[in-house]
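Readers should treat all values here as calculations from the given coordinates under stated rules, not as data from a laboratory. No experiment lies behind these values; they were computed from the predicted model shown. For neighbour counting, all protein chains shown are included, and Cβ atoms are generated from backbone atoms with ideal geometry for every residue, glycine included.
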Ligand code: GTR
């Protein structure tokens, strides 16, 4: 064989490659599966039972759920999102700006620097708060990460422009400037939230870790690894979503210290990749009383086993930094996953979860999101609560469910006023003011 190769004239070899390469490339493209949007091709699957321990025994009582929840949490940590390291220093807080005359006097604005590893000068998260004025008791709050920097959620000129790296739609060469101020206001109806009696707390996810493969070296995972507290590369080490979720919990650490906020009435909300983050933060941190997933899709509220829209393989290929190394084992192998999205939702039970889809957001698999919310139901029933009321998806723009809520809105992948109206109503029902 070797000697045969030697006799091959370079020109012949060149001609051979010219012919063979395009065919090879075509084959490899054909091997990359196209997204499926055909209901008849979503595949057969059996979901793992959230109420069955790994050893086959059953969860019968609420107290069994405590152990089963710990087991499921550990599976998600090990196989899906990766573990945030334990024993990190407690963050410290610095209120850098405060004004009680924001929004024409309706609200108090605060900007708080959260030193994530306690050290002033180390990694930090800038939290922006608007808190309604004139309430008789501390305010309940919505908290969520934003995509472009705190200055993008409002036109309020007092909000600091982020100094963290931003993606191209929010700045030039990774640097944000005044041009992106207010770019995301449609996703953050601050006045509506304030008028309904809620505070809004938001922070830029890129403060925690910039969102690109390799971004970990410039974020919290790199900072922690350089302190020797975690190996960034072990197959169950935290991925970027885990890092962002960890950052949300540090923001709640701050909320617990702010006398104007009621830390027992906090709803976490997130859109898309930040919806996956909200679900994972809510699953782990029981201080979130309401957990809201807006169009979170694959790796969030959508069942991985349903092969519709984005798949495990596709998300792990496009965004290799979001999940942990072990999650790659499930590329085109979803049936081997010991968990699925219904269990991610159920991890927050009996706390309340709202899942929202959008009709044109087929990439996120609206039906898969609905079914996951539906199949979290048995865990809620254990607590005497009702999951989603029907086997069928509701009509568009109709909110259903009490302990678990769901809607599918008309339109595309986005978070809009209709979504917020449902979240505010859901929070009113599920984060009632307590006398204390
Ligand atoms: C897409 C990704 C989705 C979703 C979305 C987003 O490109 O495939 O899983 O997270 O980004 O976050 O906007």
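Using the alpha-carbon atoms, what tilt in degrees (0 to 90, nearest 10) does helix 240-255 show relative to the longest principal axis of the chain?
10 degrees
Going by how many other Cβ atoms sit within 10 Å of their own, how do 340, 365 line up, fewest first?
Details: 340 24, 365 29.
Least crowded to most crowded, the residues run 340, 365.
Taking 41 Å as R0, compute the FRET efficiency from the Cβ-Cβ separation of residue 392 and residue 249 and round it to 0.05. Numbers along the way, then the final one.
Values: r = 36 Å, r/R0 = 0.88.
The calculated FRET efficiency here is 0.70.
Using alpha-carbon pairs under 8 Å, 6+ residues apart, how would you state the relative contact order of the range 230-280 in percent? Display every interim value, and only then the final one.
Details: 26 pairs, mean separation 18.9, N = 51.
The normalised contact order for the range 230-280 reaches 37 percent.
Helix 273-284 against the longest principal axis of the chain: what's the angle in degrees, Cα atoms only, rounded to the nearest 10?
With rounding to tens, the tilt is 70 degrees.
Fully extended, how many nm does the chain gain between residue 383 and residue 95 (0.36 nm per residue separation, minus their Cα-Cα distance)?
On the way: separation 288, 0.36 × 288 = 103.68 nm, distance 3.99 nm.
Full extension of this stretch gives 99.7 nm more.
Just rank 268, 175, fewest to most, by other beta-carbon atoms within 10 angstrom.
Values: 268 32, 175 13.
Starting with the residue having the fewest Cβ neighbours, the order is 175, 268.
I need 324, 78 ordered by Cβ neighbour count within 10 Å, fewest first.
Details: 324 23, 78 17.
Fewest-to-most Cβ neighbours within 10 Å comes out as 78, 324.
Between the range 362-385 and the range 208-222, how far is it from one alpha carbon centroid to the other, in angstrom?
Cα centres, the range 362-385 to the range 208-222: 32 Å.
Taking the simple approach of a point 7 Å from Cα along Cα-to-Cβ for both residue 421 and residue 57, what is their distance in nm?
The answer from the label model is 5.0 nm.
Nearest 5 percent is fine: what portion of the DSSP beta bridges confined to the chain is antiparallel?
50 percent
Give me the distance in nm between label points sitting 7 Å out from Cα along the Cα-to-Cβ direction at residue 179 and residue 227, one decimal.
3.7 nm
What is the angle, in °, between the Cα long axis of helix 417-430 and the longest principal axis of the Cα atoms in the chain? Nearest 10 is fine, range 0 to 90.
Approximately 60 degrees, to the nearest ten.
Length gain on complete extension for the stretch residue 34 to residue 410, per 0.36 nm per residue less the alpha carbon to alpha carbon distance? Numbers along the way, then the final one.
Numbers: separation 376, 0.36 × 376 = 135.36 nm, distance 2.48 nm.
Length difference between fully extended and current span is 132.9 nm.
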